[in-house]
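The values are calculated or read from the model by the stated rules, or taken from the named source; none is laboratory data. Note that this is a predicted model, so its numbers are computed, not measured. Every residue, glycine among them, receives a Cβ derived from its backbone with ideal geometry; neighbour counts consider all protein chains shown.
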Amino acid sequence: MKRENRTKWVHVRLTDAELLTLQESFKKTTERRLSSYARNILLAKPMIKGVRNKSAEDMMQHFVQLLKTLNGIANNYNQAVHKLHLLHQDAQYKSWLSCYEQDRRKLLSDIETMKDFMNQSVSVWLQ
């Protein structure tokens, strides 16, 4: 199914109170974006009222951040190993080894942080 691009704009002016009412109503739905919510209201489409699972959304945000951190660490590790293959002198090797040890400690610390977070998340979900 081809998704149609939205290229037309509708500008609406609201008072502070109206905007607050709109935002409060939006928070009570499962919509993720205010624009989608407003479009559904304007086009009289059915709305799903319900409560968002805020803990699941928060957990997903944390997992995305942890994934970015892991990708950065893996990238740094790959670069370090590549540099190791290019070294020819003992002094360079010792310097690389000291940097590698620091990266290894950070990686282990980050992995421990992720483990703790995942354990906490699981315990919350199992309640």
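Yes or no: LYS8 in a loop (DSSP other than H, G, I, E, B), at pLDDT below 85 and exposed (fewer than 10 other Cβ atoms within 10 Å of the Cβ)? No; evaluated as a whole, the condition is false for this residue. The set of residues in the stretch 79-101 that are surrounded by fewer than 12 Cβ atoms within 10 Å (Cβ to Cβ) and among the basic types (Lys, Arg) contains only LYS94.
In this structure, does HIS62 turn out to be surrounded by 10 or more Cβ atoms within 10 Å (Cβ to Cβ) and either basic (Lys, Arg) or without any contact (Cβ under 8 Å) to a residue 60 or more places away in the chain (or both)? When the stated conditions are applied, HIS62 passes them. Among the residues of the stretch 21-36, those identified as closer than 18 Å to ARG6 by Cα and at pLDDT 85 or above are ARG33, LEU34, SER35, SER36.
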